[in-house]
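Encoded as structure tokens, the structure appears first; notes follow it.
Each reported figure results from applying straightforward, stated rules to the coordinates on display, with no laboratory input. Since we're looking at a predicted model, the values are computed, not measured. Reconstructed Cβ throughout: ideal geometry from the backbone, glycine too, with neighbour counts over all protein chains shown.
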Amino acid sequence: MNSFYGVTSEQNSIFFNEYLGASITFTGVTIITVSIMAFENFLTDNVPYKNLDQIIKYITNIINEDYKYDYDELFDVEFDIDSELMLERILDKTHEDYAVGDEDIEVIKKLLDNLSYNQLIKIYLKNNFLDMIDMSHVLSGLLNDVGIREDFNDPNEPPEDIVEPMDKMWGILKDWVFYDHIPIDRYERAMEDMREAVLTVDTDSNFINLYNWHQYLSDEFNFINPSVEEKVGGINILIYILSYLIQDALDRMTGNMNVPRDKQHIINMKNE
């Protein structure tokens with residue numbers, strides 16, 4: 001198949017088609033850049049705002065989402081999160097090329113001041129999955145139920161008794177953490193911006209950095225000289241969850257491209 005793709009782009013080939021090779025290349029670029037943005041957002045909250053419109057769009061997208069899990073289902077305390085803290089976080093996440101002026105700050109401040117506590121915490125936790133696990137007693141409990149398993153050596157075939165808690169973990173993270181929107185300038189961002197989650201890319205791959213997750217598990221479970229099997233088992237919890245995340249991100253992409261729903265699952269990124 002890869003060879004056929006090559007000959008459709010070769011002008012001296014009898015299979016040459018000026019549209020086919022280019023369209024395959026563009027589709028591959030789209031898949032790779034959508035994947036980069038999904039991983040950068042979810043794992044490191046590293047898709048900075050480049051202008052005021054992007055900030056407002058980000059906030060309004062989140063507060064207008066339908067949530068399956070209510071606050072009281074996931075949290076047993078109220079946290080010290082207010083509009084002042086959120087303004088600081090948003091300004092810290094602006095792109096280096098965006099010089100935020102006083103007028104922009106005033107617009108953002110007024111928007112945040114008019115939001116409820118529940119709306120503010122939804123913004124705070126979006127793309128903030130480690131804090132979400134720490135702050136939600138339900139997620140923390142599910143992670144403890146899964147535990148660090150030496151027999152979890154393949155993320156595509158987890159032990160049967162941990163599938164249900166991991167699926168519920170993803171359901172909550174999808175609701176509260178996953179930002180299911182694709183940046184229109186994803187190609188420029190992928191080419192020019194400093195990445196934190198995706199170390200490098202190939203024509204059909206993203207190689208991701210899961211060190212922060214390893215460190216989190218080490219602290220959470222008090223790892224002292226863990227075995228290779230324990231390290232792999234712990235990392236595979238997140239890889240299992242990311243498999244759902246990337247499928248949902250690519251489903252959003254194919255839906256935006258008007259791919260028929262029964263064909264969308266064909267576009268996927270496998271674990272290796």
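The ranking of D66, D180 from fewest to most other beta carbons within 10 Å of each one's beta carbon is D66, D180.
Distance between the 7 Å Cα→Cβ label points at M257 and H137: 4.5 nm.
Rounded to the nearest 20 debye, the dipole size of the chain about its Cα centre is 920 debye, using +1 on the Cβ of Lys and Arg and -1 on the Cβ of Asp and Glu. Building the convex hull from the alpha-carbon atoms of the range 1-78 and averaging its projection over directions returns 9.5 nm². Separation of the alpha carbons by more than 24 angstrom is noted, of K68/K263; K57/K126; K93/K231; K126/K263, for K68/K263; K93/K231; K126/K263. Taking the fewest neighbouring Cβ atoms within 10 Å as the starting point, the ordered list for S23, S3, S9 is S3, S23, S9.
Going from the fewest other Cβ atoms within 10 Å to the most, the residues E220, E96 appear in the order E96, E220. Where only DSSP H runs of four or more residues are counted, the chain gives -18000 deg cm²/dmol as its mean residue ellipticity at 222 nm, each run worth -39500 (n - 2.57).
Each residue of the range 161-174 was assigned a 3J(HN,Hα) from its phi angle through the Karplus expression (A = 6.51, B = -1.76, C = 1.60, θ = phi - 60°), giving 6, 10, 5, 4, x, 5, 5, 5, 4, 5, x, 6, 5, 4 Hz with x at Gly and Pro. Geometric descriptor of the range 146-272, per residue, is 138 Å³ (volume of the convex hull of the Cα atoms). Once the Cβ-Cβ distance of Q215 and Y71 is raised to the sixth power relative to R0 = 35 Å, the FRET efficiency obtained is 0.80. Within straight-line reach of K109, meaning a Cα separation under 16 Å, sit the following aspartates and glutamates at least 8 residues removed in sequence or on another chain: D53, D82, E84, E88, D92. What is the distance in Å between the Cα centres of the range 198-260 and the range 120-155? The two parts, judged by their Cα centres, are 13 Å apart. In this structure the amide hydrogen of Y49, modeled in the peptide plane, comes within under 5 Å of the amide hydrogens of T94, H95, none closer than 5 places in sequence on its chain. Its relative contact order, with pairs defined as Cα atoms under 8 Å and 6+ residues apart, puts the chain at 25 percent. Count Lys and Arg as plus one, Asp and Glu as minus one, and take only other residues whose Cβ is under 13 Å from that of Y69; the net charge is then -2. For the range 108-121, 3J(HN,Hα) computed residue by residue from phi via the Karplus equation (6.51, -1.76, 1.60; θ = phi - 60°) reads 5, 4, 5, 4, 5, 4, 8, 9, 7, 4, 4, 5, 5, 6 Hz, glycine and proline entered as x. Across the range 43-54, rounded Karplus estimates of 3J(HN,Hα) from the backbone phi angles (6.51 cos²θ - 1.76 cosθ + 1.60, θ = phi - 60°) give 7, 9, 6, 10, 10, x, 6, 9, 6, 5, 4, 5 Hz, Gly and Pro being marked x.
If you take all other residues with their beta carbon under 14 Å from the beta carbon of I184, and give Lys and Arg +1 and Asp and Glu -1, the sum is +2. Ratio of Rg to Rh for the chain: 1.00 [Cα atoms; Kirkwood radius as inverse mean 1/r over pairs]. For the range 32-143, the fraction of C-alpha pairs more than 16 angstrom apart is 63%.
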